[in-house]
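J.: Here it is, the structure in full.
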Amino acid sequence: MDSETSLQERRNKCRFPVRLPTTFSGPGVCMQGIGVIRDLSLEGCCIEAPASLHPSLLMELRIYIPGQEYSLVIDGAKVQWVGAQALGLNFLRIANEQQRHLKDFIEQLDARN
C-alpha cells in the first residue's frame with residue numbers, strides 16, 4: 001500500500017476534484033505563495049504549488065471560488081505533507097461564516113457528482 005492510498009483511507013471527508021486558484025501565507029512576511037487547489041474537502045485540500053514548505057507549518061489560505069465576490073479564508077491550515085510540486089493541508093481553524101461558505105460550496109460539488 002503506498003502512502004497516498006494510506007492517506008486516503010484515513011480521511012473522514014470525501015475530497016472533490018477542483019481547479020481553484022489560491023494564495024497562502026505563513027508566519028513572516030516573506031513566506032507567501034500561489035497555487036491551484038486540485039482537490040478539496042471540509043477538512044483539507046491538495047495544492048499544486050512549487051513551494052518549499054515544511055510539514056506542520058501553520059498557514060493562512062485564501063481560496064478563490066468562481067462567481068464569488070470574496071475569497072474564502074482558512075485562518076489555520078496545517079501542512080500535512082510536501083511533494084515536489086504539491087502539498088497537502090489540513091484545515092484546523094476557520095471562522096464560522098467561512099465554514100458555512102465552504103460547506104455550501106462542497107455541497108454544490110457533491111450535487112454535481
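J.: Gain in length, Asp39 to Asn96, computed as 0.36 nm per residue apart minus the alpha-carbon separation, to one decimal in nm?
T.: 18.4 nm
J.: Could you list Val36, Val18 in order of exposure, starting from the residue whose Cβ has the fewest other Cβ atoms within 10 Å?
T.: Val36, Val18
J.: How large is the dipole of the range 3-112 about the Cα centre if only Lys and Arg carry +1 and Asp and Glu carry -1, each at its Cβ, rounded to the nearest 20 debye?
T.: The dipole of the range 3-112 has a size of about 120 debye.
J.: Go through the range 42-113 and name the chymotrypsin sites (Phe, Trp or Tyr not before Pro) that are in a DSSP coil and have 16 or fewer other Cβ atoms within 10 Å of their Cβ.
T.: Here the chymotrypsin sites (Phe, Trp or Tyr not before Pro) that fit, given the DSSP loop and packing criteria, are Tyr64, Tyr70.
No lab work stands behind these numbers, since they all come straight from the coordinates. Since we're looking at a predicted model, the values are computed, not measured. A quick note on method: Cβ atoms are made from the backbone with ideal geometry, for glycine too, and the neighbour counts reach across all protein chains shown.
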